[in-house]
Number of protein chains: 2
Amino acid sequence: MNNSQKHTAVSSKTVGRLSRYRRLLRQCREQEDCLFSHRLAELAGVTPAQVRRDIMAVGYSGSPSKGYEIKTLLQHIDNFLDPPIRQPVALVGVGNLGRAILAFFAGRRPKLKIVAAFDKDPHKADRVIVGCRCYPVEQLADIMQNHGITIGIIAVPASAAQETAAALVASGATGILNFAPTPLRVPATVYVEDIDLTTSLDTVAYFARSTREPSLERST
Amino acid sequence: MNNSQKHTAVSSKTVGRLSRYRRLLRQCREQEDCLFSHRLAELAGVTPAQVRRDIMAVGYSGSPSKGYEIKTLLQHIDNFLDPPIRQPVALVGVGNLGRAILAFFAGRRPKLKIVAAFDKDPHKADRVIVGCRCYPVEQLADIMQNHGITIGIIAVPASAAQETAAALVASGATGILNFAPTPLRVPATVYVEDIDLTTSLDTVAYFARSTREPSLERST
DNA sequence: AATTATCTGTGAAAAAAATCACAATATCAA
DNA sequence: TTGATATTGTGATTTTTTTCACAGATAATT
Ligand SMILES: NC(=O)c1ccc[n+]([C@@H]2O[C@H](COP(=O)([O-])OP(=O)(O)OC[C@H]3O[C@@H](n4cnc5c(N)ncnc54)[C@H](O)[C@@H]3O)[C@@H](O)[C@H]2O)c1
Ligand SMILES: NC(=O)c1ccc[n+]([C@@H]2O[C@H](COP(=O)([O-])OP(=O)(O)OC[C@H]3O[C@@H](n4cnc5c(N)ncnc54)[C@H](O)[C@@H]3O)[C@@H](O)[C@H]2O)c1
């Protein structure tokens with residue numbers, strides 16, 4: 001019981017893809033028992049070599065003849081991705097996006113669930129929003145420490161994002177999923193993943209223009 | 001009036017960062033007239049060299065003494081990122097997430113706005129949801145072609161994502177922003193950007209565990 | 001006007017990520 | 001048993017992305 005994280009430092013890209021593989025594998029485990037790297041690659045939209053490399057990280061070997069046994073591979077990925085015990089999550093900002101996020105994660109993943117939501121609006125505090133208890137932000141530190149929360153999701157307006165990040169970190173967060181369109185200033189020991197809709201849409205728009213060949217369309 | 005896209009093919013990473021720079025620059029253009037690469041780098045959370053490289057893509061040169069003139073740089077970034085005329089967007093799936101997205105983009109970007117939303121639920125069709133007209137999915141092809149829509153946002157359940165993507169592409173989409181946790185199968189000429197919450201949260205959770213050093217905390 | 005200090009723009013180098021390509025291995029057909 | 005075939009795991013290679021580092025530029029200072 002000593003392995004886990006020291007192999008060669010797995011990249012966040014690989015971790016992300018493993019998460020995606022996991023979902024795909026769960027879907028197809030009813031139909032199939034085993035699959036080959038090229039099959040999983042096709043499902044995931046990556047190359048077979050990429051799949052094999054990624055799978056190396058979880059310490060499981062397939063057989064050249066049958067490929068990967070889905071059940072076992074899933075166990076290995078779960079073991080790699082899932083927290084050993086439990087890793088509760090806090091959501092800050094119960095607005096439009098916050099509620100959608102609560103709805104999205106509700107009832108999934110027992111080990112990685114949103115156990116508390118916070119909002120500075122008193123109307124939202126002390127209620128159960130989508131099955132999740134909502135508290136006033138003032139109680140953030142207390143409740144995070146009570147629950148042992150180490151992950152925060154930021155869904156507050158950009159203007160409040162930095163202070164929210166600071167509060168989360170001060171209360172023990174070591175990972176943050178940030179939806180506010182602001183780069184967060186946090187200690188280097190804290191892992192931040194930004195999800196920036198504007199940036200994503202700008203990027204899609206840019207490549208939607210250049211991806212289309214010279215002449216086309218103009219239907220009747 | 002010939003330049004724009006053929007320089008050396010700008011990467012999506014650069015495009016994304018330019019979008020981020022733009023937002024930051026807009027914020028600080030009240031306080032400052034000019035800034036240096038290291039200042040913008042600090043704001044954006046990247047290195048100064050990265051900023052300078054990215055800015056090369058928009059064809060603007062700063063002065064070694066004063067840095068970049070914010071107003072002019074913004075013009076160049078706008079010119080680079082924004083569509084020449086107008087690039088209307090369609091949203092498919094007006095559920096929790098869809099409504100949050102409509103709210104988020106409402107009233108911004110005249111050139112890049114969501115002009116139509118679609119849902120298969122008749123209760124949602126033919127209404128104005130957050131300032132955006134909502135139609136039954138059956139009208140997707142017609143309305144996309146009427147409006148000349150080339151960008152689609154997918155916010156339908158995963159099970160309907162592939163068919164939605166196919167419908168979008170068939171109706172002229174060349175770029176898709178996909179929130180459904182499913183890899184989309186589309187022609188290579190269509191640019192797809194996936195936003196996968198589960199994957200993102202898994203990644204944060206993974207690094208939230210390994211990012212913290214051996215011993216710490218346990219405050220009173 | 002010379003000196004100093006500091007920046008940009010960019011070729012070159014480094015680092016990171018993806019892909020190639022092949023030995024090792026397993027299976028099957030004859 | 002042998003040969004043909006197909007796949008894995010991974011070292012080597014390629015490609016992509018980031019960073020380095022410095023020539024050239026600009027302004028302030030003496
Ligand atoms: N709506 C979307 O689809 C979307 C998408 C991407 C990003 N975002 C970003 O996510 C954030 C939230 O978006 P939204 O649409 O839900 O906005 P919203 O205004 O609907 O919700 C924001 C919520 O945060 C609460 N809040 C404000 N300051 C707070 C603080 N200091 N502490 C705790 N709670 C606080 C508000 O009371 C409100 O309930 C914004 O930064 C937005 O830019 C939104
Ligand atoms: N809620 C979130 O925060 C969140 C976050 C990330 C990703 N997602 C993903 O986004 C998608 C939507 O999530 P949601 O929470 O809004 O779900 P939701 O169930 O609230 O909304 C889905 C909507 O899509 C409509 N729909 C279903 N099939 C359709 C079809 N074929 N054509 C047009 N409309 C159709 C439904 O009528 C419904 O209104 C899901 O794939 C989900 O996994 C959601």
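Against the conditions (1) in a loop (DSSP other than H, G, I, E, B); (2) open to solvent by 40 Å² or more (accessible area, probe 1.4 Å), B:PRO83 satisfies every one except (2).
Report, by residue number, each residue of region A:59-85 that is without any contact (Cβ under 8 Å) to a residue 40 or more places away in the chain and farther than 19 Å from A:ALA41 by Cβ. Matches in region A:59-85: A:GLN75, A:ASN79, A:ASP82, A:PRO83, A:PRO84, A:ILE85. Quick check, is B:VAL94 part of a loop (DSSP other than H, G, I, E, B), modelled with pLDDT of 95 or more and within 16 Å of ligand 2 (Cβ to nearest atom)? Yes; evaluated as a whole, the condition is true for this residue. Every listed requirement among (1) assigned to a strand (DSSP E or B); (2) assigned by TED's automatic domain parsing to the domain that holds A:VAL156 is met by A:TYR68 save one, (2). If you go through region B:159-197 and keep only what is out of contact with any helix residue (DSSP H, G or I) (no Cβ under 6 Å at 6 or more places or on another chain) and either open to solvent by 40 Å² or more (accessible area, probe 1.4 Å) or within 16 Å of DNA strand D (Cβ to nearest atom) (or both), you end up with B:SER159, B:GLN162, B:GLU163, B:ALA166, B:ALA170, B:ARG185, B:PRO187, B:ALA188, B:THR189, B:VAL192, B:ASP194. Just for region B:82-132: of the residues that are in contact with an Asp or Glu (Cβ under 8 Å, 6 or more places away or on another chain) and away from ligand 1 (no atom under 16 Å from the Cβ), which one is farthest from the other protein chains (Cβ to nearest Cβ)? Checking each candidate, the answer is B:ALA125. Among the residues of region A:149-183, write down those that are more than 24 Å from B:ALA103 (Cα to Cα) and either in a strand (DSSP E or B) or not hydroxyl-bearing (Ser, Thr, Tyr) (or both). Scanning region A:149-183 gives A:ILE149, A:ILE151, A:ALA166, A:ALA167, A:LEU168, A:VAL169, A:ALA170, A:GLY172, A:ALA173, A:GLY175.
Only residues that are within 27 Å of A:ALA9 (Cβ to Cβ) and modelled with pLDDT under 95 were counted in region B:186-220, giving 10. For region A:35-62, name all the residues that are away from every other protein chain (no Cβ under 14 Å) and open to solvent by 40 Å² or more (accessible area, probe 1.4 Å). Matches in region A:35-62: A:PHE36, A:HIS38, A:PRO48, A:ALA49, A:ARG52, A:ARG53, A:MET56, A:GLY59, A:SER61. Is it true that some residue in region A:77-87 is of a type in the set (A, V, I, L, M), away from DNA strand C (no atom under 16 Å from the Cβ) and modelled with pLDDT of 95 or more? Scanning region A:77-87, I find at least one residue that is of a type in the set (A, V, I, L, M), away from DNA strand C (no atom under 16 Å from the Cβ) and modelled with pLDDT of 95 or more, so the answer is yes. Residue count for region A:130-150, restricted to those that are touching a helix residue (DSSP H, G or I) at 6+ places or on another chain (Cβ under 6 Å) and within 16 Å of ligand 2 (Cβ to nearest atom): 2. Tell me, which residue of region B:184-197 that is outside any loop (DSSP other than H, G, I, E, B) and of a type outside the set (A, V, I, L, M) is nearest to A:SER210 (Cα to Cα)? Per the stated criteria, the residue is B:TYR191.
Residues are listed down the side, and each one gets a yes or a no for (1) loosely packed, with under 13 Cβ neighbours inside 10 Å; (2) under 16 Å from the mean Cα position of the chain (by Cα); (3) farther than 30 Å from A:ALA161 by Cβ:
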| site | (1), (2), (3) |
| --- | --- |
| A:GLU69 | no, no, yes |
| A:LEU73 | no, no, yes |
| A:HIS76 | no, no, yes |
| A:LEU91 | no, yes, no |
| A:ALA106 | no, yes, no |
| A:ALA117 | no, no, no |
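Residues in region B:156-189 that are within 16 Å of ligand 1 (Cβ to nearest atom) and more than 9 Å from every other protein chain (Cβ to nearest Cβ): B:VAL156, B:ASN178, B:PHE179, B:ALA180. Checked against (1) assigned to a helix (DSSP H, G or I); (2) in contact (Cβ under 8 Å) with a residue 24 or more places away in the chain, B:LEU43 meets all criteria but (2).
The values are calculated or read from the model by the stated rules, or taken from the named source; none is laboratory data. These numbers were taken from a predicted model, which means no experiment stands behind them. In this analysis, Cβ positions are derived from the backbone assuming ideal geometry, glycine residues included, and neighbour counts consider all displayed protein chains. Remember, those area values only see protein heavy atoms, side chains included, never the ligands or the DNA or RNA. Shrake-Rupley method; radii C 1.70, N 1.55, O 1.52, S 1.80 Å.
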